[in-house]
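Below is one structure; the comments refer to it alone.
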Protein chains: 2
Amino acid sequence: MTDLRLPVSVPSTALFTDQYELTMLQAALRDGTADRPCVFECFTRRLPEGRRYGVVAGTGRVLDAVEGFRFDAAQLDFLRERGIVDGPTLEWLAGFRFHGDVWGYPEGEVYFPGSPVLRVEGSFAECVLLETVILSIMNHDSAVAAAASRMSAAAGGRPLIEMGARRTHELSAVAAARAAYVGGFAATSDLAAGFRYGIPTTGTAAHAFTLLHDSERDAFTAQVESMGRGTTLLVDTYDVREAVRTAVEVAGPGLGAVRLDSGDLLLMAHRVRQQLDELGARDTKIVVTSDLDEYAIASLAAAPVDTYGVGTQLVTGSGHPTCSMVYKLVARATSTEPGAPLLPVAKRSTGGKSSVGGRKWAARRLDEDGFAAAEVLGTGEVPKDLAERLLPVPLVRAGSVIGREPLEAARARHIEARAALPLSATQLSRGEAVLPTEYL
Amino acid sequence: MTDLRLPVSVPSTALFTDQYELTMLQAALRDGTADRPCVFECFTRRLPEGRRYGVVAGTGRVLDAVEGFRFDAAQLDFLRERGIVDGPTLEWLAGFRFHGDVWGYPEGEVYFPGSPVLRVEGSFAECVLLETVILSIMNHDSAVAAAASRMSAAAGGRPLIEMGARRTHELSAVAAARAAYVGGFAATSDLAAGFRYGIPTTGTAAHAFTLLHDSERDAFTAQVESMGRGTTLLVDTYDVREAVRTAVEVAGPGLGAVRLDSGDLLLMAHRVRQQLDELGARDTKIVVTSDLDEYAIASLAAAPVDTYGVGTQLVTGSGHPTCSMVYKLVARATSTEPGAPLLPVAKRSTGGKSSVGGRKWAARRLDEDGFAAAEVLGTGEVPKDLAERLLPVPLVRAGSVIGREPLEAARARHIEARAALPLSATQLSRGEAVLPTEYL
């Protein structure tokens with residue numbers, strides 16, 4: 001085995017694919033079933049334990065991935081040299097681009113068990129190839145967005161900063177910052193996320209900067225001279241009380257903020273607030289960071305904290321780093337003849353992995369007060385009272401992306417969708433899905 | 001905020017960086033401390049709860065990232081337009097490349113609390129910039145490798161296949177397959193991992209392939225005609241007993257393997273083995289997949305299973321998706337004068353985040369039987385009996401990568417390093433680190 005020494009990035013999205021997708025393709029091309037029209041749905045059988053709703057995130061990245069799903073020469077050489085597929089399949093792959101349709105819940109929307117968050121329609125060949133890349137994106141991004149949503153609900157109106165890049169894969173981190181933004185975060189420390197997605201970025205200094213200097217005062221002075229008095233000074237390298245005093249001496253009472261990154265944050269926030277006020281720095285804000293999760297954030301609700309920085313627990317989905325989405329064939333034509341009927345299909349063996357066959361519509365039923373009351377899925381005609389409440393929107397039509405939108409739209413949609421859920425949705429305690437899923 | 005519509009991949013590794021690294025750089029360039037010689041160490045304060053050892057993985061990727069850490073024009077434009085750093089800092093970044101030294105535990109080696117798995121030496125400016133990208137890689141890859149190592153120990157000699165791409169970010173998945181290989185896995189289903197790192201790949205068919213066909217027999221026939229009778233047929237779409245009978249009828253007793261992906265795997269493996277034997281397919285193997293972790297693998301030790309496929313629990317670190325590594329300034333010169341002494345430094349405030357200052361050597365002490373007995377770290381002279389047992393090796397010298405090696409070497413090293421640990425290292429039950437960390 002040799003290390004191919006290729007660049008860190010892979011030139012297209014076409015190899016974010018499990019080998020079995022290509023071997024299925026090869027066998028289906030050979031026996032003529034590859035062109036049968038098919039419907040695949042992406043959904044989850046359950047929410048992570050105790051969670052009350054899921055958050056759709058990654059949809060925009062799926063659209064990029066579908067567009068970038070082309071096999072280049074180096075990739076085809078790899079498949080040939082490894083003998084992964086035969087000649088006719090390689091030829092087919094060389095000309096491949098997706099020509100089918102994708103519908104889905106718009107990004108930022110909430111979802112429940114069974115919700116068809118994406119539906120992919122086209123030939124078996126073109127749909128089966130997208131399985132892994134779609135699941136990678138939706139499982140990762142939706143897991144992070146769900147954690148972000150719980151944290152932003154717990155934070156009330158206080159801003160949250162995503163700081164988890166160091167705790168996850170370097171490109172996972174970029175997608176995590178994006179998903180956190182959808183879920184309600186205000187900014188990220190990750191420059192690549194700012195570069196790639198335009199998310200606001202922020203950041204000031206670490207303990208190393210203080211330790212580099214001959215004194216804390218030297219470090220604070222250097223930072224204020226470089227970044228202005230509006231900067232955030234990190235005050236817990238040595239003694240917090242002394243650091244706060246020095247900080248205000250150096251920057252004056254117009255100091256932007258101080259950051260606490262260790263210790264009993266509840267106690268410290270109160271003490272530091274009092275000290276800042278006594279020093280006349282009434283507008284100086286307090287930023288807290290240090291292994292926060294939604295519970296720690298909630299526990300600081302009554303503390304004089306202005307901003308939360310969250311790392312590890314955000315990028316790892318706060319205990320649920322993936323959300324068990326699957327990508328299943330739910331219907332296929334009985335032949336490749338034009339007009340051949342669509343047959344609902346589903347795995348039938350026992351063992352808890354069965355699913356519901358058929359191409360599904362999905363709608364959210366409201367109660368009299370306008371709150372969401374049920375997630376309704378069906379394969380037949382849509383009842384009249386739900387026709388206006390259908391959730392999926394067209395994202396790709398005949399291979400062309402038509403559902404792209406600014407990330408801000410997904411972020412705004414999430415706030416709105418969450419606000420329309422029953423109030424118990426944002427309880428942090430463990431519970432059941434806040435809406436029942438009904439099949440019609 | 002606009003979506004910049006740049007490619008999925010980021011052109012260099014230089015923006016896998018928290019903004020505060022650049023703001024610290026700017027302030028340090030301004031006050032003259034940027035050139036102070038510094039020593040940073042990457043280590044973890046503790047192992048994840050219950051774990052007995054850690055596994056170093058990602059080192060090879062860190063070397064790629066250090067080489068690729070250059071700011072290109074688009075990235076510099078972004079920093080300028082956002083006003084993230086000032087003009088002199090932008091100029092400095094435009095010419096940046098790392099000229100320092102990196103030492104580290106070789107990839108695949110085991111580690112314990114405090115082990116300096118990487119040590120980065122150079123000016124403050126050049127070392128501080130690498131913090132986030134180094135931590136992202138080491139935290140992610142080592143977490144996956146640790147889970148892989150536990151699973152491979154539980155599997156005994158049976159091969160393990162990595163199948164988790166769909167459960168994690170698409171590029172995380174590539175790194176996870178690499179880390180799993182270091183930790184003892186035999187192959188991956190992820191084509192991008194095969195392409196990028198040369199890891200063996202494998203894969204046959206999903207339930208969708210059976211459902212696409214008019215009958216299970218049609219599907220099996222198509223697969224065998226396409227891939228030969230050595231293929232693996234998935235037998236749990238409808239009725240397992242019937243599927244196994246059909247599989248052997250279609251492929252003959254020379255059928256390569258059958259795969260079980262749901263249900264009570266222990267019970268099913270015994271039943272299917274018996275059925276295969278009765279049908280004369282004594283050499284047909286049984287592959288099991290379906291939310292396996294190290295405990296499920298161990299529970300199948302006495303079952304007639306030949307190969308395990310592992311997804312979710314592998315790529316999410318089996319409950320510990322990150323391993324809490326930090327990157328800390330441990331020593332710095334008192335000035336930029338040549339020959340200025342190195343001063344050990346460490347955060348001192350209370351709150352549980354303190355660390356041990358000083359540039360450390362690290363060695364593993366053996367007992368009389370040649371088993372590892374302690375992880376010994378120190379800042380002074382190395383005791384004679386440990387001089388031959390030093391763990392860190394040179395990886396980068398004066399900015400040039402000198403520690404690159406084939407991935408196979410890391411994989412072999414891990415097997416050897418784990419075998420030298422006390423026997424309780426591979427117990428699955430929760431416990432303490434199997435070696436004590438001693439500071440001299």
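Read-outs: derived from the displayed coordinates by stated rules, not from any lab. The structure presented is a predicted model; accordingly, all values stated were derived computationally and were not measured. Here the Cβ positions follow ideal geometry from the backbone for every residue, glycine too, while neighbour counts run over all protein chains shown.
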Quiz item: What is the set of long-range amide H partners of A:D236 at a cut-off below 5 Å, with H atoms built 1.01 Å from backbone N?
Solution: A:D261
Quiz item: Going by the alpha-carbon gyration tensor, a ≥ b ≥ c the square roots of its eigenvalues, is the range B:379-436 rounded (a/c under 1.5) or, if a/c is not under 1.5, prolate (a/b greater than b/c) versus oblate?
Solution: oblate
Quiz item: For B:A298 and B:E278, FRET efficiency with R0 = 22 Å and r from the beta-carbon atoms, rounded to 0.05?
Solution: 0.20
Quiz item: Exactly which GluC sites (Glu not before Pro) in the range B:342-440 are in a DSSP loop and have at most 13 other Cβ atoms within 10 Å?
Solution: B:E368, B:E381, B:E432
Practice problem: Find, to one decimal place in angstroms, the Kirkwood hydrodynamic radius of the range B:155-316, where the mean of 1/r is taken over every pair of different Cα atoms and then inverted. | Solution: 16.1 Å
Quiz item: Going by alpha carbons, how many degrees (0 to 90, nearest 10) lie between the helix axis of B:265-278 and the longest principal axis of chain B?
Solution: 40 degrees
Exercise. Just check the range B:137-182 against the gyration tensor rule for me: Cα atoms, a ≥ b ≥ c as the square roots of the eigenvalues, rounded for a/c under 1.5, and otherwise prolate or oblate depending on whether a/b exceeds b/c.
Key: oblate
Quiz item: Reachable aspartates and glutamates from A:K347, Cα under 13 Å, same-chain residues fewer than 8 places away excluded?
Solution: B:E216, B:D236, B:D239, B:D261
Quiz item: Seen from all sides and averaged, what is the projected area of the convex hull of the Cα atoms in the protein assembly as shown, in nm²?
Solution: 35.7 nm²
Self-check item: Theoretical ellipticity at 222 nm over chain A - DSSP helices of four or more residues, -39500 (n - 2.57) apiece, nearest 500
Solution: -10500 deg cm²/dmol
Quiz prompt | 10 Å Cβ neighbours from other chains, averaged over peptide A:130-137 | solution = 5
Exercise. Using a 10 Å cut-off on Cβ to Cβ distances, tally the other chain neighbours for every residue of B:169-182 and report the average as a whole number.
Key: 6
Quiz prompt | Residue exposure sequence - B:L171, B:L343 - by fewest surrounding Cβ within 10 Å | solution = B:L343, B:L171
Practice problem: Please give the direction-averaged projected area of the C-alpha convex hull for the range B:148-212, in square nanometres with one decimal. | Solution: 5.0 nm²
Self-check item: Highest-MSF residue in chain A out of A:V345, A:V287, A:V62 [GNM, Cα springs under 10 Å]
Solution: A:V345
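Roughly how big is the range B:213-268's charge dipole about its Cα centre, with Cβ charges of +1 (Lys, Arg) and -1 (Asp, Glu), in debye to the nearest 20?
In total the dipole reaches around 240 debye.
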Self-check item: Low-density loop positions, trypsin sites (Lys or Arg not before Pro), the range B:354-440 - DSSP coil, at most 10 other Cβ in 10 Å
Solution: B:R430
Self-check item: Ratio of Rg to Rh over chain A (Cα coordinates, Kirkwood Rh, two decimals)
Solution: 1.05
Practice problem: Calculate how steeply helix B:240-251 sits against the longest principal axis of the alpha-carbon atoms of chain B, using the helix alpha-carbon long axis, and give the answer as 0 to 90 degrees to the nearest 10. | Solution: 80 degrees
Practice problem: Report, for A:R365, each distance to the same residue's label point in the other copies, shortest first and in nm; define the point 7 Å along Cα→Cβ. | Solution: 7.1
Quiz item: If the cut-off is 29 Å between C-alpha atoms, which lysines fall inside it for A:K384, apart from same-chain ones fewer than 8 positions away?
Solution: A:K328, A:K360
Quiz prompt | Nearest-first distances (nm) between copies at A:E432, label 7 Å from Cα via Cβ | solution = 4.5
Practice problem: Take every DSSP beta bridge whose two residues both sit in the protein assembly as shown, then give the antiparallel share in percent to the nearest 5. | Solution: 65 percent
Exercise. Express as a percent, rounded to the nearest 5, the fraction of DSSP beta bridges in chain B (both residues included) that run antiparallel.
Key: 65 percent
Quiz item: In whole Å, what is the distance between the alpha-carbon centres of the range A:60-118 and the range A:382-420?
Solution: 22 Å
Quiz item: How far apart are the A:T379 label points across copies, placing each 7 Å from Cα toward Cβ, in nm, shortest first?
Solution: 6.9
Quiz item: Mind checking which of B:A257, B:A346, B:A208 has the largest fluctuation in a GNM of chain B, springs on alpha carbons under 10 Å?
Solution: B:A208
Quiz item: Got a sec to turn the phi values of the range A:292-308 into Karplus ³J(HN,Hα) couplings, 6.51 cos²θ - 1.76 cosθ + 1.60 with θ = phi - 60°, whole Hz, x for Gly and Pro?
Solution: 6, 9, 5, 6, 5, 4, 4, 5, 9, 4, 8, 8, x, 10, 9, 9, 10
Quiz prompt | Cα long-axis angle, helix A:131-154 against chain A (0 to 90 degrees, to the nearest 10) | solution = 30 degrees
Quiz item: Can you pull the mean other chain C-beta count within 10 Å for peptide B:28-41?
Solution: 3
Quiz item: How big, in percent, is the set of alpha carbon pairs in the range A:197-273 lying more than 20 Å apart?
Solution: 28 percent
Quiz prompt | the range B:186-209 and the range A:257-313: distance between their alpha carbon centers, rounded to Å | solution = 47 Å
